[in-house]
1. Could you count how many Lys pairs in the stretch 228-391 have their Cα atoms under 21 Å apart, skipping same-chain pairs fewer than 8 positions apart?
2. Can you tell me the relative contact order of the stretch 228-391? Whole percent, Cα pairs under 8 Å, sequence separation 6 or more.
3. Sorting check: for 326-337, 373-384, which peptide has the highest mean count of neighbouring beta carbons within 10 Å, and how do the rest follow?
4. Looking at [x] 19.6; [y] 28.1; [z] 24.0, which value of mean projected area of the Cα convex hull in nm² comes from a calculation on the structure shown?
5. Suppose a student asked you for the relative contact order of the stretch 330-411, using Cα pairs under 8 Å spaced at least 6 residues apart; what percent would you report?
6. All other residues with a Cβ under 9 Å from the Cβ of SER129 taken together, and with Lys, Arg as +1 and Asp, Glu as -1, what is their net charge?
7. So between HIS167 and HIS348, what do we pick up on full extension, going 0.36 nm a residue minus the alpha carbon distance?
8. Be a star and scan the stretch 394-411 for residues whose amide nitrogen sits under 17 Å from the point 7 Å along the Cα-to-Cβ vector of ALA210.
Amino acid sequence: MSMRTNMFLVAQLGARRHYAIPQMLNEAGMLSALYTDLCAVKNWPRLLSWLPRYLQPQGLRRLLGRIPHGVPKEKIHTMTRLGWDYYKSRSRGGTEQSIVNHLRFNKEFCEAIVKKGLGRATATYSFSSAGLELMSAARKAGLRVVMEQVIAPRALELEILTQAQIHYPGWLDWPLSPGYVDAFIEREEEEWTCADLILCGSEFVRQGIAERGGPIEKCKVVPYGVDSRFIIKRGIRPSGPLRVLTVGEVGLRKGSPVVWEAARLLGNQAMFRMVGGCAFPKAVLQSKPANVELTGVVPNSEILPYYQWADAFLLPSLCEGSATVTYEALMAGLPVVCTPNTGTLVEHNICGQIVPPFSPVAVAEALQKWIDDPDFLANCSKGALRKQSQLNLDAYKECFLNQLNTLSSPV
């Protein structure tokens with residue numbers, strides 16, 4: 001049989017990359033069903049859209065943005081109660097409790113899908129640490145099993161964060177109990193064993209699996225893509241400090257203390273706007289420089305004005321998969337400063353600058369080059385715009401389907 005006859009059941013908690021996976025599969029005639037949690041087009045969440053916008057709190061606006069465009073409603077199956085319970089649990093406890101909740105709800109989610117049955121699917125698609133029970137059931141039923149490793153392996157991530165905690169003490173509520181960490185790592189590595197194909201957003205992720213002794217022969221790199229709404233017409237840069245944007249959770253893994261130190265080094269030459277929820281103990285806030293603004297969480301549907309505001313984008317992440325926000329920034333014509341660990345398509349001195357992790361001095365020096373040489377900044381911005389064809393959903397879809405088409409259908 002041709003691979004094109006495979007029909008995928010996708011298991012996805014949340015609106016990861018705006019439901020790009022089920023959308024692309026459905027366009028290719030390869031989507032059997034999408035199982036998810038809270039979704040704005042099903043059950044009681046769909047009724048909330050009638051509420052006037054001025055009465056919608058930020059969390060509700062984010063929920064109402066969970067719309068799987070391009071996926072027929074009859075293929076969408078939601079587990080609203082489980083999703084609501086998971087949403088509420090995320091506001092309780094610290095890092096350790098979040099791991100407990102993550103493992104519990106992912107297990108319940110998968111078991112609920114298996115209980116409902118796999119329908120006419122010939123393959124499953126799930127995400128790292130969130131698919132084990134489904135993957136096991138699919139393999140027993142003779143289905144093909146595909147997973148996406150969305151970030152470097154947990155063991156490598158913890159190794160990096162442990163090192164980072166030495167550089168920046170107080171940014172994590174550690175140490176963690178080994179039992180919880182080991183359970184997470186074991187679950188992830190069992191998924192690798194179950195999978196026929198492991199898709200990785202970057203070579204950084206693929207090599208991370210290899211470092212853990214994982215099955216690198218199953219791993220294929222598929223860079224992500226973003227939609228055309230991030231293409232922004234940029235005007236002439238106004239005079240004044242360099243306006244630097246970061247988007248994503250403000251915390252140690254994203255390199256936020258590096259951003260703060262770099263901001264302190266640059267002083268009034270640059271202003272920094274950090275868009276995202278805060279994932280650090282409150283005591284850390286006392287060390288925030290005056291030229292750094294924390295906006296809090298902004299729904300993705302409202303993010304474009306922030307890209308329009310900025311002159312440059314910064315994400316000195318310590319550990320990622322392939323940070324989608326860097327794709328958005330490049331698509332918007334923003335040159336990007338990032339680390340190799342960010343897993344992006346940034347080319348050094350072409351559309352941005354690549355700096356080593358844990359180095360606020362390197363970040364400050366990179367931004368200083370753009371402050372001192374506006375032509376260099378403008379050329380990197382033009383370089384970002386030239387990459388648009390590599391960053392869009394069409395390029396993503398082509399690479400994604402090419403990899404799936406290497407996987408034969410079950411007999």
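1. Details: LYS233/LYS382; LYS233/LYS387; LYS254/LYS282; LYS254/LYS288; LYS369/LYS382.
Taking the Cα cut-off of 21 Å, the pair count is 5.
2. On the way: 319 pairs, mean separation 39.2, N = 164.
Worked out over the stretch 228-391, it gives 24 percent.
3. Ranked from most to least packed, the peptides come out as 326-337, 373-384.
4. Entry [x].
5. Numbers: 86 pairs, mean separation 27.2, N = 82.
After rounding, I find 33 percent.
6. Once all neighbours under 9 Å are counted, the net charge is 0.
7. 62.6 nm
8. Residues passing the 17 Å test: none.
Rule-based calculations on the coordinates, nothing more; no lab input. What you see is a predicted model; the values in this text were computed from it and never measured. Glycine gets a Cβ as well: all are built from the backbone with ideal geometry, and neighbour counts include every protein chain shown.
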